[in-house]
Each structure stands twice: as structure tokens, then as C-alpha cells.
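Just below is one structure, and these are the notes that go with it.
The values are calculated or read from the model by the stated rules, or taken from the named source; none is laboratory data. No experiment lies behind these values; they were computed from the predicted model shown. No Cβ is skipped: glycine too gets one built from the backbone with ideal geometry, and neighbour counts run over all protein chains shown. The accessibility values were calculated without ligands, DNA or RNA, using every heavy atom of the protein model including side chains. Shrake-Rupley method; radii C 1.70, N 1.55, O 1.52, S 1.80 Å.
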Amino acid sequence: MTDGNYDRILDRISRASGLGKEEIERKIEARRSKLSGLISKEGAAQVIASELGISFENERLKINELLLGMRKVNTIGKVINLFPVRTFTTKKGEESKVVNFWIADETANVKVVLWDTNHIGMIEDGKIAVGTTVEVSNGSMRDNELHLGSFSNIKPSEEILGEVKTEKVFKEKHIIDFKVGENTSVRAFILQLFEPRFFHVCPECSKKAVQEGEFFTCGKHGKIIPEKRAVSSIVVDDGTDSIRAVLFHEALLKLGFSQLEDLARFAEEKENFLGKEMFFTGNVRNNKFFNNSEFVVEDVKEAQPEEIIARLEKQ
């Protein structure tokens, strides 16, 4: 599977070092082999770049070039979503603030976590708002988020950005290369499929409803007539590794089930899906209860032969 992000890093290393791409890739694969494949191609490429004395620190990167573990990141983007400033108490008992927002350019978008109270003041004063183009310097990539601390800088920019990517960006990856926090897609086979569990949600805001005696309530809308929703899990494998995937109601229907509450019918239909190859799109998160990664699926579609061939031809 070819990753455009990896190819861009490869180009940068080749230009800066004068080495051919094949030689660089041999170094990358040797490093991955030494680490038993526990590091992604992008991560290994960064290690090789560092060994060759190549730094991306002074470069302004496009958002889709930002990688897990990068430090001293410089980029520019338009604020497309802004959450309220939150106040919290540190371990030292001091009061501090944090705010989350999303910035985007023409290539992708990224969540920014801003910790510095001086810079947060620009948001509280309205100097940075939705639609503002901001220039970021000296940030750090953690769990696919761009974190800005006291040594970072953010300021409004006069630079005009045209169309920016406001929708989620999903990178196609092998399961073995999945990282927590990533939006990703994969072509994989279904190995196991478990019976659904059911819960109730508010029909207005889709938040989980709480049962109180004979009635259900929503924290925002009070007493409600709830809607019943299903959630199930499957195990998928793409040949590099397997992972537990979580599918909520809509994703289960997209998978192809016609009746979720009839468990006898569900058991019959699930036999049609075991061993089936499909495309899954979603987010990788950490399951705190089991302390491992899981894949929360947002979209499912069948792997059509012509689409598989087209993807293989791009590799």
C-alpha cells in the first residue's frame, strides 16, 4: 500500500541527502526489521532522516505532512471548529486552562490542543475565531493532535487560504501500522462477529438515555421516548494483523444486517459475513478497560473486484 505521506518524506530525504530512494528505503526497512516491525514506515523514515542529519524543524509543513512524534512543527491553517475554553486544576493545585480547535488547509485538517494561557487569551478576546487563518510554530504531534505549549507560538496570519478540507481525512493503512487517534481505512476480512448489545438514546440529541423507573430521561431534553440502538464488535484481519472493531447501529446496517433485534435472524445472517472482504473506515482509539487498541467503524462497503484492482495498480 502506497502512502502519499511516506512518499513525500522519502522525496525530502532523497533531495536533502542526495541518496537514491531505493537506498533510503533499504535503510528504512532495515530499521523496521531491527525493531521487529513495531515502527511504521513513516516513523522509520524520520529516524533515518535524523541519522542523516536532516531536520524538518525549520520547514513549514502542510497539515497532511504532520506525523506522530514530530516536534518543533510549523504549519498554517484556517480555524474550522472551536470548542469552549476549559479550566482545570493541575497536580500542584494551580488553576490552568486548555482549549481545543481544528485547523485545516487544502490537504487535511488536524485537532490543535492549546495549553498556554497567554495564547488562549487571544481566543477569549476574539482575536482567533472560526475562520481565522493562524500560523503555528514549535508545536508537537501527540496522538495525531498538534499540541502547543508555553514554548510554542500561534498568531493570526494575513495569508489567504482558499478551499480547505473540512471533512474528515482517512488514510488507508495496514492494521499493523494503525496508531491511536488516527482516522483510517483498511481492506480486511471478517474473522469473528458477535451478537449486538442494545441501549437507548435521546431522539433529539442522540445522547445516551437514562432509565428512571418506567421512564427514560435525557440530561438536556428531560423525559423522552427513547430510540433503541445496537452496538456489536467484530474481528478483522488484513494479513498484517487483526484488530477488534466496534460497529454502532448505522454501521451494522451498512454491513448488511436486515434485522438487529431478531437475534435468531442475526445469527443466520452473520454466517454470510464471516470470511468476507470489505472496506472499513473509522477511528483508532484506546480501549481503557482492556488497555488495547480498537477500531471504531463509521462506514463499511463491499470490496468490489474492480476497485481492488484499481487500488493495486496505484501501488
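Bridging of LYS228 to lysines at a Cα separation below 30 Å is possible for LYS168, LYS207, LYS208, LYS220, LYS254, LYS270, LYS276, LYS288, LYS301, once same-chain residues fewer than 8 apart are set aside. Each Lys and Arg contributes +1 and each Asp and Glu -1, all at the Cβ; summed about the Cα centre of the chain, the dipole is approximately 900 debye.
In a reduced charge model with +1 at each Lys and Arg Cβ and -1 at each Asp and Glu Cβ, segment 190-269 shows a dipole moment near 420 debye about its Cα centre.
As an equivalent ellipsoid, the chain spans semi-axes of 36, 31, 17 angstrom, where each value is the square root of five times an eigenvalue of the C-alpha gyration tensor, largest first.
In the chain, if the dipole is taken from +1 on Lys/Arg beta carbons and -1 on Asp/Glu beta carbons about the Cα centre, which of THR75, HIS221, PHE88 is farthest to the positive end? The one lying farthest along the dipole's positive direction is PHE88. Considering only ARG86, ARG142, ARG32, the Gaussian network model of the chain with Cα springs below 10 Å gives its largest mean-square fluctuation to ARG86. Accessible area per residue for the chain is 56 Å², calculated with a 1.4 Å probe on protein heavy atoms, without ligands, DNA or RNA.
When the Cα gyration tensor is reduced to axis lengths a ≥ b ≥ c, the ratio a/c is 1.5 or higher for segment 172-242, and with a/b above b/c it is classed as prolate. For the peptides 265-272, 235-242, residues were scored by their other Cβ atoms within 10 Å and the scores averaged per peptide; the highest-first order is 235-242, 265-272. Assuming a ≥ b ≥ c are the square roots of the Cα gyration tensor eigenvalues, decide whether segment 52-149 counts as rounded (a/c under 1.5), prolate (otherwise, with a/b larger than b/c) or oblate. Since a/c reaches 1.5 but b/c is at least a/b, the shape of segment 52-149 is classed as oblate. With helices as the sole contributors, the chain gives -7000 deg cm²/dmol at 222 nm; each DSSP H run of n ≥ 4 counts as -39500 (n - 2.57), and the sum is divided by every residue.
Each of LEU114, SER233, VAL284 was scored by the projection of its Cα onto the charge dipole of the chain, and the greatest displacement toward the positive side belongs to LEU114; charges sit on the C-beta of Lys, Arg, Asp and Glu. With a cut-off of 13 Å between beta carbons, the residues surrounding LYS34 carry a summed charge of +2, where Lys and Arg count +1 and Asp and Glu -1. Using the Cβ-Cβ distance between GLU94 and ARG142 with R0 = 22 Å, the FRET efficiency computed as 1/(1 + (r/R0)^6) comes to roughly 0.50. Pairs exceeding 29 Å between alpha-carbon atoms, taken from LYS27/LYS165; LYS27/LYS111; LYS78/LYS171: LYS27/LYS165; LYS27/LYS111. Whole-percent P(r), segment 106-189, all Cα pairs, 5 Å bins from 0: 3, 12, 18, 21, 18, 12, 8, 5, 2, 1, 0. Our coupling estimate for segment 232-242, obtained by passing each phi through the Karplus curve with A = 6.51, B = -1.76, C = 1.60 and θ = phi - 60°, is 9, 10, 9, 10, 10, 9, 10, x, 9, 5, 10 Hz, Gly and Pro reported as x. A cysteine counts as unpartnered when no other cysteine's C-beta lies under 4.7 Å of its own; in the chain this applies to CYS205.
The charge dipole of segment 61-102, taken about the Cα centre with unit charges on the Cβ atoms of Lys, Arg (+1) and Asp, Glu (-1), comes to about 80 debye, rounded to the nearest 20.
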